[in-house]
Amino acid sequence: MSKAIESHQVEEREFKPSKEFSKKARVSSMAQYKRLYKESIEKPHLFWAREAKELHWDKKWSKVLDWKAPYAKWFVGGKTNMAVNCVDRHVDEGRGNKAALIWEGEPGDKRTLTYRQLQREVCRFANVLESNGVKSKDRVLIYMPMVTEATIAMLACARIGAVHSVIFGGFSADAIKDRLEDSKATCVVTCDGGWRRGGVVHLKVNVDEALKKDTHVKKVIVLKRTENKVKMKSGRDVWWHDEAAKVPATHKAKFFDSEHPLFILYTSGSTGKPKGILHTTGGYMTNAYTTCKYIFDMRDDDVYWCTADVGWITGHSYITYGPMLNGVTQVMYEGAPNFPDFSRFWQIVEEYGVSIFYTAPTAIRAFIKAGDELVDKHDLSSLRLLGTVGEPINPEAWMWYHEKIGGKRCPIVDTWWQTETGAIMLSPLPGCTPTKPGTATRPFFGVDAAILDEDGKECKANEGGRLVIRKPWPGMLRTIYGDKKRYRDTYWSDYDGYYTAGDGARRDKQGNFWIVGRLDDVLNVSGHRLGTAEIESALVSHDLVAEAAVVGRPHEVKGQAVVAFVTLKLDEDGSEELSAELRDHVGKIIGAIAKPDKIYITSALPKTRSGKIVRRLLKELVTTGKPTGNMTTLEDMSVLKVIGKLVSK
């Protein structure tokens, strides 16, 4: 049986940056990219020192990198403060009156904070934390909606050296409880509630449930957002506004070692306890700053909008930290993309003149399904750069994004990275990289990426294998909190000294990387190893298909059979004829071996509140008939029941 992951899709369409964009870009030619990339790999100490010098350090480092696999220390001996670099530095350099955050709540309420106003709010909340007993290295759990105070709380923690652990506002009490137990947090920052599709998400209620048996949390600080009634436990629970009224809006920042812990962000696996990914300060700060500067080509007059939630790594690196390190103006939006309808994002882009827009392929496919007329009624001419994040984008969604949202003029930066990597690892640079729909193209500076087979040999062009990173990079995770063995076993045990990403990939003859899916999603069909992402992409390229999810189920002859779940753009009849047509369509694009044995046509797919399809539950449905894994992150449990009835027929 072949050990390689097979890849059969071919994409010939190529888009080069316009001369006008390239002329103004930070990196304007492939020759310049290759020169900088070569330096970043061969002389990383020179490259990263030059980037780090653009930030504020109270004490300069003595050594750029100390690497004893799998443990790295970056900017050894240096002292800095993330909040000072994100906020105070811009005020000190004369940008205090520049808008930092333009916020819109789901009900339509609005708020703008300049960098000077943000500085006052961060300082005030730093004082609130300290007056409530929070000290350096204490863990602070933040469980909030997309409000400005979520970013303020993160920056205030960084200012005093406390370690924040943000939990996505769609997670349940059980998810909070697991993270509290692992981190032993002493303080929780939350809201009475948050708005979602016109209703209130009861955040404080979930916190109370999670804290029933907790012995570590001493304080719960509660922001008033939705004005719903909540219980306040005397001695433990305090209101944000009451505490803020007691303290000044000035705070003298302390400076911390470059390797001082900045945050723990939990990733939930299908089984076992969540992994607490630990990131430290100096290296992560430099990586977030540099990727924003080059990949988004950030300019002083840009209005940037990343539609992620602060509860995910994208919200850490590309909302709270990276953009603010670059001193740009950014938009924050609290609610759902389809409230009151799917034109909400385009209304925001038009109203605030957004120039850089960064969103997920799942959102893009939802917009396609909702219809072009919701886009057409808005002026999107302010956009100059588009980005995608979260999973590989299928070529047809890429083309719609390019034509309908970007007006065929905006470069698209299709980015690949992970919670663990801290920063973008593969991405085009918009002023120089020729792009193809569906590929994240080339490694960013300092990223020594390769694709290896199971024996550790580098794969040939277009031969699928395991994506690895062969050298340390500044934004890399330092460990799994409290579990060094799990850190080594999970990320560093497949190949000696190499980080294993857990994704299958191939590299084409031009050097572009194509992600073909998670390694645990690779299907073994009659001796062929097929990536699920490629089959999904083939299905979505059909004119009627909006979204697809592919899983495998045991087959006594083939080993595994391909099972697909699809939603349609229109209310078409999910007939046997259409299923047969879709099977043939996959066969035409990839080959007969990839044809799904069964296609289920459904009105919706099981998703988290952030829009990610939970394929694991679909796999459990087709293999055991009953999903048993963690379902606390699902936005709509009823979707799974409907699909369960389909599968059981």
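Read the figures in this text as sums done on the coordinates, not as results from a lab. Values in this document were obtained by computation on a predicted structure and should not be read as measured data. Every residue, glycine as well, gets a Cβ built from its backbone with ideal geometry; the counts of neighbours run over all protein chains shown.
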Next on the checklist: Please list, in order, the residues from the range 349-384 whose amide nitrogen is less than 12 Å from a point placed 7 Å along the Cα→Cβ vector of ASP341.
Outcome noted: 370-378
Next on the checklist: For the chain, give me the percentage of DSSP beta bridges that are antiparallel, rounded to the nearest 5 percent.
Outcome noted: 60
Item to check | Gained length - ILE41 relative to GLU576, 0.36 nm times residue gap less alpha-carbon distance | outcome: 187.3 nm
Checklist outcome for this item: trypsin sites (Lys or Arg not before Pro) in the range 504-554 lying in a DSSP loop, each with at most 14 other Cβ atoms within 10 Å of its Cβ, come to LYS509
Next on the checklist: Given N residues in the range 379-475, what is its alpha carbon radius of gyration divided by 2.2 N^0.38 Å?
Outcome noted: 1.20
Item to check | Per-residue Cβ neighbour rank within 10 angstrom, fewest leading, LEU180, LEU530, LEU65 | outcome: LEU65, LEU180, LEU530
Item to check | Net dipole in debye of the range 452-561 [+1 Lys, Arg Cβ; -1 Asp, Glu Cβ; about Cα centre; nearest 20] | outcome: 500
Checklist entry - Between LYS377 and LYS231, what is the label-to-label distance in nm when each label sits 7 Å out along the Cα-to-Cβ direction? => result 4.5
Checklist entry - Extent of the range 452-602 along each principal axis, from alpha carbon coordinates, in Å, largest to smallest? => result 52, 35, 35
Checklist entry - In the structure shown, do any of LYS79/LYS471; LYS73/LYS110; LYS34/LYS98 have a Cα-Cα gap over 30 Å, and if so which? => result LYS73/LYS110; LYS34/LYS98
Checklist outcome for this item: Per the 1/(1 + (r/R0)^6) rule, R0 = 30 Å and r from the Cβ atoms of THR623 and LYS509, FRET efficiency to 0.05 is 0.20
Item to check | Virtual paramagnetic centre 7 Å along Cα→Cβ of ARG111, amide N under 13 Å, in the range 236-258 | outcome: 240-242, 244
Checklist outcome for this item: Toy charge model, Lys and Arg Cβ at +1, Asp and Glu Cβ at -1: the range 112-252 dipole around Cα centroid in debye, rounded to 20, equals 220
Checklist entry - Taking the Cα centre of the range 112-252 as the origin and placing charges on Cβ (Lys, Arg +1; Asp, Glu -1), which of HIS202, THR148, ALA245 is farthest toward the positive end of the dipole? => result ALA245
Checklist outcome for this item: So the FRET efficiency between THR267 and GLU209, C-beta based with R0 = 35 Å and rounded to 0.05, is 0.95
Item to check | Dimensionless Rg/Rh of the range 479-559 - Kirkwood Rh, Rg from C-alpha atoms | outcome: 1.08
Checklist outcome for this item: Under the 7 Å Cα-to-Cβ spin-label approximation, ARG409 and GLU14 lie apart by a distance in nanometres of 2.5
Checklist entry - So what are the ³J(HN,Hα) numbers for the range 411-420, from phi and the Karplus equation (6.51, -1.76, 1.60; θ = phi - 60°), rounded to whole Hz, Gly and Pro as x? => result x, 10, 9, 8, 9, 10, 5, 9, 3, 5
Item to check | Bins of 5 Å, starting at 0 and running to the largest distance - Cα pair percent for the range 228-367 | outcome: 2, 7, 13, 14, 15, 17, 15, 11, 5, 1
Next on the checklist: Could you work out [θ]222 nm for the chain from helices alone, using -39500 (n - 2.57) per DSSP H run of at least four and dividing by all its residues? Round to the nearest 500 deg cm²/dmol.
Outcome noted: -8000 deg cm²/dmol
Checklist entry - Based on the alpha-carbon gyration tensor of the range 75-174, what equivalent-ellipsoid semi-axes (square roots of 5 times the eigenvalues) come out, in whole Å, largest first? => result 22, 21, 11
Checklist entry - Along the charge dipole of the chain, which of CYS86, LEU429, GLY311 sits closest to the positive end, that is, farthest toward it, with unit charges on the beta carbon of Lys, Arg, Asp and Glu (+1, +1, -1, -1)? => result CYS86
Checklist entry - Using a simple charge model, +1 on the beta-carbon of Lys and Arg, -1 on the beta-carbon of Asp and Glu, nothing else, what dipole does the chain show about its Cα centre, in debye to the nearest 20? => result 2140
Checklist entry - Can you give the translational diffusion coefficient of the range 522-648 in µm²/s, computed by Stokes-Einstein from the Kirkwood radius over Cα pairs at 25 °C and 0.890 mPa s? => result 166
Item to check | Whether the range 213-307 is rounded, prolate or oblate, judged on the alpha carbon gyration tensor where a/c under 1.5 counts as rounded | outcome: prolate
Checklist entry - Taking a temperature of 25 °C and a viscosity of 0.890 mPa s, what whole-number D in µm²/s does Stokes-Einstein yield for the range 150-218 with Rh from Kirkwood over alpha carbon pairs? => result 192
Next on the checklist: Please compute the volume of the convex hull spanned by the alpha-carbon atoms of the range 286-405 and report it per residue in Å³.
Outcome noted: 100
Checklist entry - Among the aspartates and glutamates, which have Cα under 12 Å from the Cα of LYS273 when same-chain residues fewer than 8 positions away are ignored? => result ASP174, ASP178, GLU181, ASP182, ASP483
Checklist entry - Where Rh is the Kirkwood radius over the Cα pairs of the range 112-252, the temperature 10 °C and the viscosity 1.306 mPa s, what D in µm²/s does Stokes-Einstein return? => result 106
Next on the checklist: Need the list of lysines near LYS626 for cross-linking: C-alpha distance under 19 angstrom, and skip anything on the same chain fewer than eight residues off.
Outcome noted: LYS598, LYS607, LYS641, LYS645, LYS649
Next on the checklist: Name the residue from TRP398, SER18, VAL447 whose Cα lies farthest towards the positive end of the charge dipole of the chain, charges +1 on Cβ of Lys and Arg and -1 on Cβ of Asp and Glu.
Outcome noted: VAL447
Checklist outcome for this item: Pairs over 32 Å Cα to Cα, from LYS137/LYS246; LYS212/LYS619; LYS184/LYS254; LYS404/LYS588; LYS19/LYS404, come to LYS212/LYS619
Next on the checklist: Checking the cross-link filter: which lysines have an alpha carbon closer than 18 Å to that of LYS229, excluding same-chain neighbours under 8 positions apart?
Outcome noted: LYS204
Item to check | Antiparallel bridge percentage (DSSP; both residues within the range 385-539; nearest 5) | outcome: 85
Checklist outcome for this item: So for R0 = 45 Å, FRET eff. of SER62-GLN32 from the Cβ-Cβ r, to 0.05, ends up at 0.90
